Amino acid sequence: MAKVKPRVKVPKTASAGEVITIKTLISHKMESGQRKDSDGKAIPRQIINKFTAEFNGQPVFSADIHPAVSANPYLEFTAKVSESGKFTFTWVDDDGSVYTDEQEIAVS
Amino acid sequence: MNINRRQALTLSAGAALFAVTGMSAGSARADAAAVDKAMMEITGGATPEEGKLTLNAPEIAENGNTVPIGVSVDSAMEGDDIVESITIFAEGNPEPSVITFNFTPMSGEATASTRMRLAKTQNVVALAKMKDGKTYMAKSEVKVTIGGCGG
């Protein structure tokens, strides 16, 4: 399949204790396993089944994803930041692949 | 074994009935009962309360392939007032579960949104689980113009 590319939007700066909004998007076809090809055979399921977000190694947010989530899964959530640091985002594919992205934030 | 006409008819009717029920079980779609069953696993049998949980879903979705949906719970996310998870279910999809959001105190707020597939016009249900074991639910009907499950 096409290259899987994560895109994440995290504010560059924030004030301590602020609740920021994070938006993530990853290009993935999210094949549900319900569709059939032109020969009538079921196309095997291949989706991203797990997403996690960590800040400086601490879990912030995660999602268990089922086939009913649209292609190119989009997730929007919040995080409370008290110090500067790094967000790590991880997506887990049905085939075992793991896609990651990192974003720094400066907290004043 | 001698089978007379009447017995033969009864047998074939039974076989036909079996074939029909067997088929419908094989291609079972999620329905309200399946959603209830999945919700019971989270609530442990308790009846979820209404309110506190907000489900933002469109009234009409033109394209069932990508329906924006958002959930939020009014919570301080501190001490015992913490939302552990919010799960979204769809009553008319092949599988009832859509997504589970898991929150931590570092989430700051119990708010999340995504885009989901809807096979047809149906109820979307959200279920929030608090740290103290309480559960809240919200339900909303979404009318779908073009279904989003393909072949």
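Read the figures in this text as sums done on the coordinates, not as results from a lab. Since this is a predicted model, take the numbers as computed values, not measurements. Note that we place each Cβ from the backbone using ideal geometry, even for glycine, and neighbour counts take in every protein chain shown.
Given H placed 1.01 Å from N in the peptide plane, which residues other than close sequence neighbours of A:Lys50 have an amide H under 5 Å from its amide H?
A:Ile65, A:Val92
Could you list B:Val142, A:Val98 in order of exposure, starting from the residue whose Cβ has the fewest other Cβ atoms within 10 Å?
A:Val98, B:Val142
Can you check how the C-alpha radius of gyration of the stretch B:26-142 compares to 2.2 N^0.38 Å, as a plain ratio?
Relative to the rule-of-thumb radius for its length, the stretch B:26-142 sits at 1.04.
According to the square roots a ≥ b ≥ c of the eigenvalues of the Cα gyration tensor, what is the shape class of chain A, taking rounded for a/c under 1.5, prolate for a/b larger than b/c otherwise, and oblate for the remainder? Let's see the in-between values first.
Numbers: a/c = 3.03, a/b = 2.94, b/c = 1.03.
Because a/c hits 1.5 or more and a/b exceeds b/c, chain A counts as prolate.
Mind giving me the FRET efficiency for B:Glu49 and A:Ser38? R0 is 41 Å, r the Cβ-Cβ distance, nearest 0.05 is fine. Before the final figure, lay out the partial values.
Details: r = 49 Å, r/R0 = 1.19.
FRET efficiency, B:Glu49 to A:Ser38: 0.25.
Please give me the summed charge of the neighbours of B:Thr145: other residues whose Cβ is under 13 Å from its Cβ, Lys and Arg +1, Asp and Glu -1.
Neighbourhood net charge equals 0.
Could you give each residue of the stretch A:100-108 its phi-based ³J(HN,Hα) in whole Hz, using Karplus coefficients 6.51, -1.76, 1.60 with θ = phi - 60°, and x for Gly or Pro?
With coefficients 6.51, -1.76 and 1.60, one gets 10, 8, 10, 9, 9, 9, 9, 10, 10 Hz.
Before anything else, pin down the relative contact order of the stretch B:28-144: Cα pairs under 8 Å, at least 6 apart, normalised by residue count, whole percent.
So the answer I get is 35 percent.
Which of the pairs A:Lys9/A:Lys29; A:Lys3/A:Lys36; A:Lys5/B:Lys129; A:Lys50/A:Lys80; A:Lys23/B:Lys139 have their Cα atoms more than 27 Å apart in this structure?
Pairs exceeding 27 Å: A:Lys5/B:Lys129.
From the phi of every residue in the stretch B:72-85, what ³J(HN,Hα) in whole Hz does the Karplus formula 6.51 cos²θ - 1.76 cosθ + 1.60 yield, where θ is phi - 60° and glycine or proline is x?
7, 10, 6, 8, 6, 6, 9, x, 8, 8, 10, 8, 7, 7
Using the Karplus curve 6.51 cos²θ - 1.76 cosθ + 1.60 with θ = phi - 60°, work out ³J(HN,Hα) for each residue of the stretch A:5-19 in order, rounded to whole Hz, and write x for Gly and Pro.
Result, ordered by residue: 10, x, 10, 10, 10, 10, x, 6, 9, 7, 8, 4, x, 6, 9 Hz.
How much net charge surrounds A:Ile48 when only other residues with a Cβ under 9 Å from its Cβ are counted (Lys, Arg +1; Asp, Glu -1)?
Overall, the nearby charge balance is -1.
Could you run the Debye sum over the Cα atoms of the protein assembly as shown, one equal point scatterer each and no solvent, and tell me log10 of I(q)/I(0) at q = 0.12, 0.16, 0.17 Å⁻¹, two decimals?
So the normalised log intensities are -0.76, -1.21, -1.33.
Neighbour counts of other C-beta atoms within 10 Å: give me A:Glu76, A:Glu83 arranged from fewest to most.
Ordered from fewest to most neighbouring Cβ atoms within 10 Å, A:Glu76, A:Glu83 come out as A:Glu83, A:Glu76.
Which GluC sites (Glu not before Pro) from the stretch B:22-112 combine a DSSP loop assignment with at most 15 other Cβ atoms within 10 Å?
B:Glu59
Can you return the aspartates and glutamates within cross-link range of B:Lys120? Criterion is Cα-Cα under 20 Å, with same-chain partners fewer than 8 residues away left out.
The reachable aspartates and glutamates, counting only those whose Cα sits under 20 Å from B:Lys120, are A:Glu31, B:Asp31, B:Asp36, B:Glu59, B:Glu62, B:Glu91, B:Glu95, B:Glu141.
What is the packing order of peptides B:128-136, A:100-108, B:63-71, taking the mean over residues of other C-beta atoms within 10 Å and listing the highest first? Spell out each step's value before the answer.
On the way: B:128-136: 17.6, A:100-108: 13.4, B:63-71: 19.9.
Averaged packing, sorted descending, gives the order B:63-71, B:128-136, A:100-108.
Please give the Cα centre distance for the stretch A:57-88 versus the stretch B:86-130, rounded to the nearest Å.
14
Under 13 Å from the Cβ of A:Lys86, count the other residues' Cβ atoms, weight Lys and Arg +1, Asp and Glu -1, and hand me the total.
-4
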